[in-house]
Amino acid sequence: MQRGELAKRAGCNIETVRYYEKIGLLPDPPRTAGGYRDYDPEHGRRLRFILRARDLGFGIEDIRALLKLVDRRAYTCAQVREMTLEHLDAVRLKIADLRRLERTLAKTVAACNGRNVPDCPVIDALASN
(Lines give C-alpha, C1' and ligand atoms only; values in the text may rest on other atoms or scores of the structure.)
Protein backbone atom coordinates (compact mmCIF):
# COMPACT_ATOMS: atom_id res chain seq x y z
CA MET A 1 0.00 0.00 0.00
CA GLN A 2 1.11 3.57 -0.55
CA ARG A 3 1.68 6.21 2.12
CA GLY A 4 -1.75 7.79 1.73
CA GLU A 5 -3.49 4.46 2.25
CA LEU A 6 -1.31 3.68 5.27
CA ALA A 7 -2.18 7.05 6.80
CA LYS A 8 -5.88 6.60 6.08
CA ARG A 9 -5.99 3.13 7.64
CA ALA A 10 -4.11 4.33 10.72
CA GLY A 11 -6.30 7.41 11.09
CA CYS A 12 -3.61 10.03 10.66
CA ASN A 13 -2.36 12.29 7.90
CA ILE A 14 0.46 11.72 5.46
CA GLU A 15 2.69 14.28 7.19
CA THR A 16 2.48 12.23 10.38
CA VAL A 17 3.74 9.17 8.52
CA ARG A 18 6.55 11.22 6.98
CA TYR A 19 7.52 12.59 10.38
CA TYR A 20 7.72 9.16 12.02
CA GLU A 21 9.79 7.92 9.10
CA LYS A 22 12.09 10.94 9.32
CA ILE A 23 12.80 10.43 13.03
CA GLY A 24 13.27 6.69 12.60
CA LEU A 25 10.24 5.34 14.46
CA LEU A 26 8.73 3.96 11.27
CA PRO A 27 11.17 2.09 9.03
CA ASP A 28 11.46 2.93 5.36
CA PRO A 29 9.37 0.54 3.31
CA PRO A 30 10.67 -1.30 0.29
CA ARG A 31 9.97 0.28 -3.08
CA THR A 32 8.12 -1.07 -6.05
CA ALA A 33 9.77 -1.38 -9.47
CA GLY A 34 8.18 1.99 -10.24
CA GLY A 35 9.82 3.60 -7.21
CA TYR A 36 6.71 3.85 -5.03
CA ARG A 37 6.88 3.06 -1.33
CA ASP A 38 5.19 -0.25 -0.61
CA TYR A 39 4.00 -0.39 3.00
CA ASP A 40 2.92 -3.71 4.43
CA PRO A 41 0.56 -4.56 7.31
CA GLU A 42 3.49 -4.51 9.77
CA HIS A 43 4.03 -0.81 8.99
CA GLY A 44 0.37 -0.26 9.81
CA ARG A 45 0.62 -2.11 13.13
CA ARG A 46 3.73 -0.16 14.07
CA LEU A 47 2.16 3.17 13.10
CA ARG A 48 -0.98 2.41 15.14
CA PHE A 49 1.27 1.47 18.10
CA ILE A 50 3.07 4.81 17.82
CA LEU A 51 -0.18 6.77 17.48
CA ARG A 52 -1.76 5.02 20.47
CA ALA A 53 1.34 5.58 22.58
CA ARG A 54 1.23 9.28 21.65
CA ASP A 55 -2.48 9.38 22.57
CA LEU A 56 -1.49 8.06 25.99
CA GLY A 57 1.07 10.84 26.35
CA PHE A 58 4.26 8.86 25.85
CA GLY A 59 7.09 10.98 24.50
CA ILE A 60 9.03 10.16 21.36
CA GLU A 61 12.03 8.80 23.27
CA ASP A 62 9.79 6.63 25.44
CA ILE A 63 8.15 5.25 22.31
CA ARG A 64 11.56 4.68 20.76
CA ALA A 65 12.59 2.70 23.87
CA LEU A 66 9.39 0.62 23.79
CA LEU A 67 9.82 -0.11 20.10
CA LYS A 68 13.43 -1.12 20.65
CA LEU A 69 12.27 -3.67 23.20
CA VAL A 70 9.55 -4.91 20.86
CA ASP A 71 11.89 -5.07 17.86
CA ARG A 72 14.44 -7.12 19.74
CA ARG A 73 11.71 -9.30 21.23
CA ALA A 74 13.70 -8.90 24.42
CA TYR A 75 11.19 -7.41 26.81
CA THR A 76 9.41 -8.61 29.85
CA CYS A 77 6.10 -7.41 31.10
CA ALA A 78 7.96 -6.15 34.18
CA GLN A 79 10.14 -3.85 32.03
CA VAL A 80 7.16 -2.42 30.19
CA ARG A 81 5.26 -2.06 33.45
CA GLU A 82 8.14 -0.10 34.99
CA MET A 83 8.28 2.28 32.02
CA THR A 84 4.52 2.72 32.17
CA LEU A 85 4.56 3.38 35.92
CA GLU A 86 7.19 6.08 35.40
CA HIS A 87 4.99 7.65 32.75
CA LEU A 88 1.94 7.38 35.02
CA ASP A 89 3.84 9.19 37.78
CA ALA A 90 4.70 11.99 35.34
CA VAL A 91 1.06 12.23 34.24
CA ARG A 92 -0.09 12.45 37.85
CA LEU A 93 2.40 15.26 38.50
CA LYS A 94 1.09 17.15 35.47
CA ILE A 95 -2.48 16.70 36.69
CA ALA A 96 -1.53 18.05 40.12
CA ASP A 97 0.17 21.04 38.47
CA LEU A 98 -2.90 21.68 36.34
CA ARG A 99 -5.17 21.53 39.39
CA ARG A 100 -2.97 24.10 41.17
CA LEU A 101 -3.07 26.25 38.06
CA GLU A 102 -6.86 25.95 37.89
CA ARG A 103 -7.24 27.01 41.55
CA THR A 104 -4.92 29.99 41.06
CA LEU A 105 -6.70 31.14 37.91
CA ALA A 106 -10.14 30.69 39.47
CA LYS A 107 -9.09 32.70 42.52
CA THR A 108 -7.61 35.43 40.34
CA VAL A 109 -10.67 35.66 38.10
CA ALA A 110 -12.98 35.69 41.14
CA ALA A 111 -11.14 38.78 42.40
CA CYS A 112 -11.90 40.59 39.14
CA ASN A 113 -15.27 42.27 38.89
CA GLY A 114 -14.95 42.86 35.15
CA ARG A 115 -15.80 46.54 35.30
CA ASN A 116 -14.48 49.06 32.82
CA VAL A 117 -11.77 50.43 35.12
CA PRO A 118 -8.00 50.53 34.69
CA ASP A 119 -7.31 48.51 37.86
CA CYS A 120 -7.41 44.79 37.21
CA PRO A 121 -6.61 42.04 39.73
CA VAL A 122 -5.69 39.66 36.91
CA ILE A 123 -3.04 42.05 35.56
CA ASP A 124 -1.84 42.72 39.12
CA ALA A 125 -1.48 38.98 39.76
CA LEU A 126 0.45 38.47 36.53
CA ALA A 127 2.76 41.39 37.29
CA SER A 128 3.50 40.38 40.89
CA ASN A 129 6.37 38.20 42.02
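Within region 39-50, one or more residues are in contact with a Pro (Cβ under 9 Å, 6 or more places away or on another chain), among the aromatic types (F, W, Y) and farther than 30 Å from V91 by Cβ. So for region 35-43 (the condition being among the basic types (K, R), closer than 30 Å to R9 by Cβ, in contact (Cβ under 8 Å) with a residue 24 or more places away in the chain and assigned by TED's automatic domain parsing to the domain that holds A10), does at least one residue qualify? The answer is yes; a qualifying residue exists.
Before we move on, is I50 free of Cβ contacts under 8 Å to residues at least 60 places away in the same chain and farther than 17 Å from I14 by Cα? The answer is no for I50. Suppose we keep only residues that are assigned to a loop (DSSP other than H, G, I, E, B) and within 17 Å of the chain's Cα centre (by Cα) within region 8-54. Which one would you say is nearest to L67 (Cα to Cα)? The extreme case among them is L25.
The values are calculated or read from the model by the stated rules, or taken from the named source; none is laboratory data. Since the model is a prediction, treat every value here as computed from it, not as a measurement. Because the Cβ atoms are built from the backbone with ideal geometry, glycine has one as well, and the counts that use them run over all protein chains shown.
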